[in-house]
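The values are calculated or read from the model by the stated rules, or taken from the named source; none is laboratory data. Quick caveat: nothing in here was measured; it's all calculated off a predicted structure. For neighbour counting, all protein chains shown are included, and Cβ atoms are generated from backbone atoms with ideal geometry for every residue, glycine included. The protein model used for the area step is the full one, side chains on, heavy atoms only, and it has no ligands, DNA or RNA in it. Shrake-Rupley method; radii C 1.70, N 1.55, O 1.52, S 1.80 Å.
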Amino acid sequence: MSTLDHLPGRDLACDELAELVQRLAAEPELWRDEVSFGTDERHFASLHRDEHVDVWLLCWTAEQDTGWHDHDISSGAYHVIDGHLRETNFRVGGDHRVTVVGPGQTVPFGPDHIHRLVADEDRSVSIHAYSPPLWRLGVY
């Protein structure tokens, strides 16, 4: 049985989402066949969606960019499996914070998190989870 078979049937907190994406990264049989790299846009594949949790695999090539966005009412977490992502966090009245997130690293966040992600190298793979499920993004 996979990690996705044991979800608790309720919305998950940030730390639980972080644990979920870490566990899923260690189960490549659940996502390996979905890995694919496009030249113009990020490739993404839904791994799971129910009324409480939404899980995606994202595949990136160099300089592919999410643009500035938030996650509405959803908390989330992402885990980098391969490559590096550059996360920039929005700061009002100050310099934006830039962090390079590499293989094995996980970033949890709440619904107030405004950021953009950019692939920092040619082939990056990450798993993202949101709770409640992601229905819309705020785009800036």
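Odds and ends about this structure:
- Counted over all Cα-Cα pairs of the stretch 1-100, pairs farther apart than 19 Å make up 50 percent.
- Put a plus charge on the Cβ of each Lys and Arg, a minus charge on the Cβ of each Asp and Glu, and nothing anywhere else: the dipole of the stretch 80-140 about its Cα centre is then about 220 debye.
- All-pairs alpha carbon distance profile, the stretch 80-120, 10 Å steps from 0, percent: 28, 52, 19, 1
- Across the chain, Cα pairs under 8 Å and at least six residues apart give a relative contact order of 33 percent.
- The charge dipole of the stretch 1-137, taken about its Cα centre with unit charges on the Cβ atoms of Lys, Arg (+1), Asp and Glu (-1) only, comes to about 240 debye.
- The mean sequence distance of close C-alpha pairs (under 8 Å, at least 6 residues apart), as a share of the length of the stretch 20-70, puts its relative contact order at 30 percent.
- Backbone geometry of the stretch 103-112 corresponds, through the Karplus equation with coefficients 6.51, -1.76 and 1.60 at θ = phi - 60°, to 3J(HN,Hα) couplings of x, x, 9, 10, 10, x, 7, x, x, 8 Hz, x marking Gly and Pro.
- Ordering Ala13, Phe90, Ile73 by Cα displacement along the dipole of the chain toward the positive end leaves Phe90 in first place; charges were set at the Cβ atoms of Lys, Arg (+1) and Asp, Glu (-1).
- Low-density loop cleavage sites - GluC sites (Glu not before Pro) in the stretch 19-113, where at most 12 other Cβ are within 10 Å (DSSP): Glu41, Glu51, Glu63
- For the stretch 20-106, the list of trypsin sites (Lys or Arg not before Pro) that fall in a loop by DSSP and count at most 11 other C-beta atoms within 10 angstrom reads Arg91.
- Local electrostatic count, Arg10, Cβ distance below 12 Å [Lys/Arg +1, Asp/Glu -1]: -4
- Calculated [222 nm] ellipticity per residue, helices only, for the chain: -2500 deg cm²/dmol; basis is -39500 (n - 2.57) per DSSP H run with n ≥ 4, divided by all residues, nearest 500.
- Highest-fluctuation residue, Asp40, Asp15, Asp65 considered, GNM on the chain with Cα pairs under 10 Å: Asp40
- Using a probe radius of 1.4 angstrom, the carbon and sulfur fraction of the accessible surface of the chain is 49%.
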